[in-house]
Structure formats: structure tokens, C-alpha cells
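Please treat every number below as a calculation from the coordinates, not as lab data. Predicted, not measured: the structure shown is a model, and the values here were computed from it. FYI the Cβ positions are ideal-geometry reconstructions off the backbone, even for glycines, and counts take in every protein chain you see.
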Amino acid sequence: MLKRTQPELLPGADPETDCQPSPAGVDPAAELVPSLPDEAAAEQEDEHEHEHDVTWGGAFEASRPGQGLHDWQPVRTGWARALERLALWVEHPVNRLTGTQLNPFYHTGTIAVLLLGVVGLTGLYLFLFFQYGFDASYDAVARLQAQPIARLMRSVHNYASGALVITTLLHAFRTLFMERFRGPRWLAWVTGIVMTVIVWLAGVTGYWLIWDTRAQLITDSFGRFLGLAAPLADRFTAYLVRAETTRSWPLLLLILLAHVLLFLLTAFFFWLHIRRLSRPKWMPDVHWVVGVSVVLLLGGILFPVGILAKADPLALPGRIELDPIFLFYLPTSGQTIALWLWGGLLLLVVGGSALPWLSRGKRPTPAPKVNIIKDRCTGCTKCALDCPYEAIQMVPRHDDKPHKFIAIEDPSLCVSCGICVGSCDGVAVTLGDTPPEFLWLEVSSRLALAQAKLPAGQVKLIFTCERHASHGARPYLDQPTVLDGQQVVEVITLPCVGTAPPDLLTRALDAGAAEVQVVGCPPDDCTNREGNLWAERRLLRKRVPRLKRAYANAPITAAWLPPDDFAQALHSIPLPMVAAEDGQAATPDYLESRRMRRPLTWRNLLPAFALLALVLVAQILLTALPFDAYPSRPGQISVVLDDPTAPFGPFEAKWLPDHPLTLQLSVDNELLLTQTFLAGDLFTLDRLPGDPRPFTAELPISPGEHHVELLFTDPQSGTNYFLFSRQVAIEPGEILRITDASSYNGICKEGNCTQ
């Protein structure tokens, strides 16, 4: 029995004067395939769907002769085309290996969402067993590491976090070279950049929570960063020293709260990221869900994440495993290099966020936006349903037209893709001021040009999108191309293949074209999200406006190819055949040949899964690089004075002299540090006694026996206030920490010393 697909329409359209509405209580985007009673009913359905005053298949004249459709064509910038050529060069062998349906580069956005879910679920599991404190946090992770399931969850959490950053950056790169950051798409672009920064920060705080030697390096770098950004480094270091002997759990709890809050912020910005999209696709297809999950689990089993040595505040960290995705900044220990690094990254983030307004493209005027011809609109809702960006809304009609609704455009949300033009079989939607009739005039004139090129040959008319026109189709755009001396190929460029109404294709056949072909992008790789999908479903008679039934098996073909493989469409593509009855020859099945997706088998899936596994193994190996911040293992003197006024006593601290005091650090009578303070410098900005400002400093020292002295000197009174004076033996990598608790507290005045 013949089947057809129920038209997708918004609820409320009048079944008598408009196109048929969706059944009550049914999602208008859901596809229904009821049985069709007979062929006569099918013909009647087709006629009803095309009842309009003006149609693409009818006769109409242009109101403004001489005007073309050049304004409809997006103009790609040179740098974007160059980046896309690079991406296509990388993707070409992947397509040969996996096929275009299973190219992971086309699914980076949805795979990133899947990975975000994996990170959240595994993170929730680890949170249930986490404890707070320098020792408690490390011991909790060590206990997790001793349990097989917990160790697996920790490994999957780690690898999924790194893969999330990688897929997010790949998705951003595709968005960049497709220039999907202009106009109303600026919100998705900017929120994507913000999400990337937030995910990176979440990864850093995740490593920080373990409180191992890697966390010790993160703490040191954070202290240096505070020293660059604000005078908070001394207070932070002094707090760490106090926490070692008092309470350390508030700091770890704060880091954990930041870690969780950053994850929640990522989810919020993801909501903003898809806010302007119709039918946003959250998750990848089921085979990607299964493949990514299996690969992560196998990676966690075969390459479990280890645990480093516990952080030792009195020793420099040894060799660690460096994750360059999150901890790329750790090797930049020098202040100048760090300033260049963070300054460059800040410039990159700010400049990238401003790209929608800084880069205007080559077009001298903005691309034309959707324009509804109100007198022709029948309120059928098809353009509103097809728009990927909610730029068209249906509102109640209050004029003298016998229709319930009218389409109202919102140019501020339009991306000029033209999909709405292809969705309107009533010729009531256009872009800008160009009448939609000029689309047929362009086709007819190009068809006549091709027929004149080779009068005795057959004409093949190809409709393609601007991506193909910028790459593989570029050599065939200027004039018709003769193939084998028998066929003339004429290529017509549209903003998107979804711009072509089905009746326009059939009219081209009626006008003398031997074959009409649609060449669009592969599945899930359309610049306009759904343009190739809607074009395919219209040609398969699964979405209105669809091909009339009389043309269901007409020589209208489709090829869904990467933009650099356009040349494949110029040659005859093998068509599926339908066996005829009574011994007659088989006939081509043009309807089936237009299908974008083919049934997948293990022969297709295994190469794709193997590629995922290979990428994950590369990620695991490259994110565990050996790194030693102190390869020569020097010693270090760490001065942490939580209360620099302690040597002066409570009364002397209150009445400190107005003249400068000098803090000196000497090793073996060699002066290594000298810093001059006024009395107010030793307190907070309000200069109130009892609220001293901490002082910290770090200096390298060679291992061995040394005599170390730290003192305040008052040049005017000749008084020295000793904080530390001792003969010490420093081992390689050892930190000599001088704090208030270790102070010598000796006072010398004019050679007389007391303790």
C-alpha cells in the first residue's frame, strides 16, 4: 500500500483554505505516515497542497526586468575560505575512512554536550566520596584510587573533561570558518567562547582539589597570578601557612564550590547558546552515544589515571604529569613570559568575542533578510516551521483575507539562508526587495544558456549552496560545462540548497532539462543547520512542500557531498534500481537515490569507533607529559610573616617611628633581600594597629650549610630586630620557611643584644 508523510504544520491552520494542520495534541514537528487509500487520493492531496494564487509551477512575469539574484549570495571572506580549505584537507581522509555519515568533525557540538553530561555524572559520583582538607582531600582520592569502580569513574571524568575542551575548540573552529558568528548568531558565538573559558577553569579547579604535587604547582602559580593582578598574594600565602596548622577544609570547600559552580555556569551558558535555535539538537545519534561511552570506558580501564605524591609545603614539587589542555601555563614560571601568555590569551578571548562586530565580511551592504509578501501569504505555517532560527512567527490575521494566520518576519533573527523561500509553494517569501519570481527567471535564463552551448546535447541543471560554490564548484560557475561532448552542466548557486522549492525543480524539467540535481552538504554539516535536511525530505515527499507525486520518480537526483568533492556530482552516480514485473528491464529508483542517510553496518561503524579510540589514546598520551618545574633541585627560602610587627612588641608596634624601617635577608653575610617600609606599610590601608599586612618572599638558595639572618633594621636609632638567625643545612629541593613562629626575636642596639 502506498505511504505518504503527513505535512508538518503549526496547529491552527484552516484545513479548507490553508494547508492541513497537525492533529490536536500532536507535536507539529513529528512525522506521521498514515496509509493512503488509493492513487487518486494521493493526486488530490498534491493538488490541495498547491492551491495558491501564484505558484512556482505557474506562469508569472517579473515586475522589475533586469534584476538578478546576486544580492542573495553570501560573500565569504578570504581568511574563512582558507581555514575551510585546511579543514577539508584534514577531513578528506576521514570521510574516505568512515564515510560522511560518520565523520566525527560534523558532530563536535552534540558530542561536546554528551561529554558534558558524562563529566557531570562522573563528577557527582566522585563528589559523594570527597572530603575537605589538605590531608583529607588527598586521602579521599587515594581511597578512590584503590577501588576499581571509583578508579574507573575518576579516569572517565578526567578523559571526558579533556575531550570536552578538544571537541568544543573543534566546534568553535567549524563555526569560525563557516562564519556562523555574524548577525543574530553572535549570541551563540559569544556564549560559546565564555563556555570554553569556564570549562577550562573548571578543569583547573578539578586538578587543584586533589592537593598533590600538581596542586602545589597550581597553588604557587595562583599566588604569582595574584601578585600580578592585585596585592593579594601575601595574604593568600599567609593564609595557606596558617591553614597547614589550623583549618584547611574551608579552602578545599571553596575550591570545590567553585568547581561545581563553574559546571552549573557552563550549563546556563549552554542554554543561552541554543536559545535562538529552532529544534536544537542536544545529543548526537545513538551510535555516537554508544561509541563515545564505550571508548571512554575502555580508555579508563586500560589507562587508569594515577595519583601523584602528596603536596609537601617544605619541599619543591618533583616531576609531575602535565596536562597541557588545562595546565599549559605551568611551565611559564617567568614573570615576563607569564605576562605575555596571559595578555595574549586575554586579547584572543576579547578579540574573538568582538569578532561579530569587527569582521563585516566583503559584502558592502548587509545580506538581505526575509521578507513576507503579505498579500500572497495564506498562513500555511510552513515557513515558520522550517526556519532554523525562529525568524518567522505566525500571528492571527485581521484583514479581509480568508485565512486565520499570517506570517510575520523578524529580520533581527534572520541569517539570510533562504530556507523559508524553498518552504513556500505560494511564492510569498523572498529575501530583501528582490521578487521571488526572479529565482525562476535566473533558472530559465541559465537553462537557455546551457541549451545554446550544445543544442544537440542534454542539459543537467545543478542547484548547490555557497559552500560548494566557494570550493569544489568554483571552476564550473562562470559558464556551462560540456561533459563528454554529450551533456551540458549548468550550476546555479543558492544561499542554501533548502532555498530551492520543489516545484522549481520540476518546472526546470518541464522547460527542457534532462536532469536536475541538488548538491548539498553531508548530513549534520549544513551551514544553516537544517537546509540540507529539509531539501532532502521535500525531495523524498516527506515534508511539505514536497514534490508532486507525478514527479516522484522523475530524473531529479541529489548528492550530499563535502564542499571539496563537488566534482563527483558531475559524473553519473550509480542509481538504485527497481525490478520491474513481467520480465521487463529494471528502472532507476530516483526517489531512493535522493536519500541522505544510508543504513549503517558494523563495516561503517568500526572505522569510526577505531578513530575515536585512536584520538582518545593520543589525548591520554599527550595529556600526561612529564614535567619538572625544578630540574636542578635548588633549595628555597620562603619568608611568610603573617604579622611583620610582632618583633616590635605590642607597644612598639602601636607607636612605630615615622621614618623608614628596612627588612633584610642575608645568607652567609650576603644580602639577598632588602625592602624598606614605612609604619603604615606594615598595616592595612587604614593603618590601624592590630591588623598587620602579611609579607611574603621566595628566594632560591644552593643546597648545603648556610647561616641565614632575617631582621628589621632602624638606621636612625641603630636598632636591629632579628626575626631569624640560625645555621641551617638545606637539602636539594628543600624549602626553609621563616614564619612568625620560627622567629629568633633578638634585639640588638648599639652592639648590645638581648633575646
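Under 12 Å from the Cβ of L232, count the other residues' Cβ atoms, weight Lys and Arg +1, Asp and Glu -1, and hand me the total. All intermediate terms of the calculation are to be shown ahead of the outcome.
Values: positive: R224, R235, R693; negative: D234.
Within the 12 Å Cβ shell, the charges total +2.
How large is ³J(HN,Hα) for each residue in the stretch 232-241, as worked out from phi by the Karplus curve 6.51 cos²θ - 1.76 cosθ + 1.60 (θ = phi - 60°), to whole Hz, x for Gly and Pro?
Once rounded to whole Hz, the list reads 10, 4, 5, 5, 5, 5, 5, 5, 4, 5.
Taking amide H atoms as placed 1.01 Å from N in the peptide plane, list the residues 5 or more away in sequence, or in a different chain, whose amide H sits under 5 Å from that of Q517.
The list, which skips near neighbours in sequence, is L461, I462, F463, T557.
Tell me, what ³J(HN,Hα) does each residue in the stretch 270-281 have, in order and in whole Hz, if you take phi through Karplus 6.51 cos²θ - 1.76 cosθ + 1.60 with θ = phi - 60° and put x for Gly and Pro?
5, 4, 5, 4, 9, 4, 9, 9, 7, 6, x, 8
Could you list which residues have their amide H under 5 Å from that of L672, counting only those 5 or more apart in sequence or on another chain, with H placed in the peptide plane?
Under 5 Å from the amide H of L672 lie the amide H atoms of L665, S666, V667, each far enough along the sequence or on another chain.
Nothing charged except the Cβ atoms of Lys and Arg (+1) and of Asp and Glu (-1): what's the magnitude of the dipole of the stretch 78-311 about its Cα centre? Round to the nearest 20 debye.
Values: 20 positive and 10 negative charges, 129 e Å.
Taking the Cα centre of the stretch 78-311 as origin, the dipole is about 620 debye.
So what J values fall out for the stretch 137-154 if you push phi through Karplus, 6.51 cos²θ - 1.76 cosθ + 1.60 with θ = phi - 60°, rounded to Hz, Gly and Pro as x?
5, 5, 5, 5, 5, 5, 5, 4, 5, 7, 9, x, 5, 5, 5, 5, 4, 5
Any of K281/K401; K374/K542; K382/K453; K374/K460; K369/K404; K369/K453 with alpha carbons more than 30 Å apart? Name them for me. Spell out each step's value before the answer.
Working: K281/K401 37 Å; K374/K542 27 Å; K382/K453 38 Å; K374/K460 35 Å; K369/K404 25 Å; K369/K453 35 Å.
Long pairs (Cα-Cα over 30 Å): K281/K401; K382/K453; K374/K460; K369/K453.
Going by amide H atoms built from the backbone, whose H comes under 5 Å of the H on T378, apart from near neighbours?
Here the answer is none, since no amide H 5 or more places off falls under 5 Å of that of T378.
Starting from the Cα gyration tensor of the stretch 356-416, multiply each eigenvalue by 5, take the square root, and state the resulting semi-axes largest first in whole Å.
Computed over the stretch 356-416, the values are 29, 12, 8 Å.
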